[in-house]
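The values are calculated or read from the model by the stated rules, or taken from the named source; none is laboratory data. These figures come from a predicted structure and were not determined experimentally. Cβ: placed from backbone, ideal geometry, glycine included. Neighbour counts: every protein chain shown. Side chains are part of the model used for accessible areas, which takes the heavy atoms of the whole protein and leaves out ligands, DNA and RNA. Shrake-Rupley method; radii C 1.70, N 1.55, O 1.52, S 1.80 Å.
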Amino acid sequence: MQYTSPSGTDAEPGPAHHGDAHRGDAHRSEAGAPGWDAINHALNRVYPRQSPWHSSAPPGSAAPLPGISAYKRITPLPHWHFVTYGFSELFDKRNDDAATSGYGFELTFRLANPDDAEEPPRWALNFLQNLARYVFDSGHGFHAGHYLSAGGPIAADSDSQIRALAFVQDPELAPVDSDNGRLEFLQIVGLTNEEEFALKRWSTLKVLEVFHDRLPLWITDLERGSLLADPDVAARLAEGSAREGSSVGTIYADHVSWEQRKRLLRAPVTVLALSARQVGELLALLPLRLPFGHAFSAIGPDARVVFEPAARGNEALVVDGVLHLRLDERAMRSLVQRLRAQAGTYEVEGFPALEVQVCAESRRPRGPPTPRRGR
């Protein structure tokens, strides 16, 4: 990446090419760029007297986003405010949805700047470009309430505990309309693995509200530890989860399979096989779904199982190739108490026609992280 300072002096190139990065480039007027102009107008309302650092991708570049701006802030604490250009339609209108510009959003990211650096860190630009690659390659966009695991520190070559992301509407940038349709500004919030699991146990947006007092403007600080170390935060999250249950209705597993085996003079036995990797999530979330009247699904590469609260009696049904397991409270509690994240076969009290097999860790190659939908 060629990085140009405000004085025009080039810094040493980095590992990824983003074109030139310098002050003020994003605010030039582009003929026939209604989407770009709409983003600029929104930013001008927040930063009327500041020219941002701007990273621009030259024509033919492998960078999926044509631009990323970064604004230096000192309140409520020093940080960089990054804003992308390219998830929405910046120039011509090309999709068929007249009301929505492109994917309907641009990403923002607020990164703590405790050392008062004069230039934004390069890894953050790579990080945003990598998220864009995921969206453009998969066709799946982000929404407020989504979350995902980064699979490691979000800052490459660091040992930061910030290893997961959640998405929320940027608190300072309202949705805007352009000739190409409407777009919103989704802010990335960096979280620890423990905090990500707290989202699953309750609700992404409600957990983020609890965090907001300690994360002003949801600024990401790479140096911090888990907020759940604060007893007050942990207690509020536990109370919310116990009161409302979990908003997460689906987990994606390395392996899910099932079969129904005939038995002489007895009802068939249903054998459900799961990978050990997902058992912990299943055990944590089932009691936060079924008792609240909500179903819970485990989806693997080749099969799907849906756990449902039983109105009367336990049963296994197959509907359109999907296994539905209806569990009463006794069976659900037994499953949670007996199942372990280690290879073996497990029976469920009160449901003799069900057998759960836990497989050793799958060696199937794992693809890019999939954003999970919360509320």
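For the pair Ser61 and Arg330, a Förster radius of 51 Å applied to the C-beta separation gives a FRET efficiency near 0.25, rounded to the nearest 0.05. Legend: calculated FRET efficiency, Ser149 to Arg266, from the Cβ-Cβ distance at R0 = 51 Å, rounded to 0.05, equals 0.75.
Restricting attention to segment 186-326, close to 70% of DSSP beta bridges with both partner residues there are antiparallel.
Across all directions, the shadow cast by the convex hull of the chain built on its C-alpha atoms averages 21.6 square nanometres. Relative to the current alpha-carbon distance between Asp157 and Asn95, full extension at 0.36 nm per residue lengthens the span by 18.5 nm.
The residues Lys72, Lys262, Lys200, sorted by heavy-atom accessible surface at 1.4 Å with ligands and nucleic acids left out, run Lys262, Lys72, Lys200 from largest to smallest.
With a simple spin-label model that places each label point 7 Å from the Cα along the Cα-to-Cβ direction, the separation between Glu355 and Asn193 comes to 3.3 nm.
From its DSSP helices (H runs of at least four residues, each -39,500 (n - 2.57)), the chain gives a residue-normalised ellipticity at 222 nm of -6500 deg cm²/dmol.
Loop-resident trypsin sites (Lys or Arg not before Pro) (DSSP state other than H, G, I, E or B) in segment 75-111 with no more than 16 further Cβ atoms inside 10 Å of their Cβ: Lys93, Arg94.
For segment 109-267, the convex hull spanned by the alpha carbon atoms encloses 208 Å³ per residue. Scanning residues 5 or more positions from Gln187 or on other chains, those with amide H under 5 Å from its amide H are Thr108, Val168, Gln169, Asp170, with H placed 1.01 Å from N in the peptide plane.
Normalising the average separation of contacting C-alpha pairs (under 8 angstrom, six or more residues apart) by the number of residues puts the relative contact order of segment 74-138 at 38 percent.
Pairs of Cα atoms nearer than 8 Å and 6+ residues apart set the relative contact order; for segment 281-354 it is 23 percent. Relative contact order of the chain: 12 percent, from C-alpha pairs under 8 Å at least 6 residues apart in sequence. Residues whose amide H comes within less than 5 Å of that of Thr220, counting only those at least five positions distant or on another chain, are Arg110, Leu111, Ala112, Gly190 (H built at 1.01 Å from N in the peptide plane). Consider a paramagnetic label point 7 Å from the Cα of Ala295 along Cα→Cβ; state which residues of segment 233-261 have an amide N under 15 Å from it. Residues 248-251 fall inside that zone.
Expressed as a fraction of 2.2 N^0.38 Å, the value expected for a compact globular protein of N residues, the C-alpha radius of gyration of segment 174-332 is 1.32. By a 1.4 Å probe calculation restricted to protein chains, Val269 has an accessible surface near 20 Å², given to the nearest 10.
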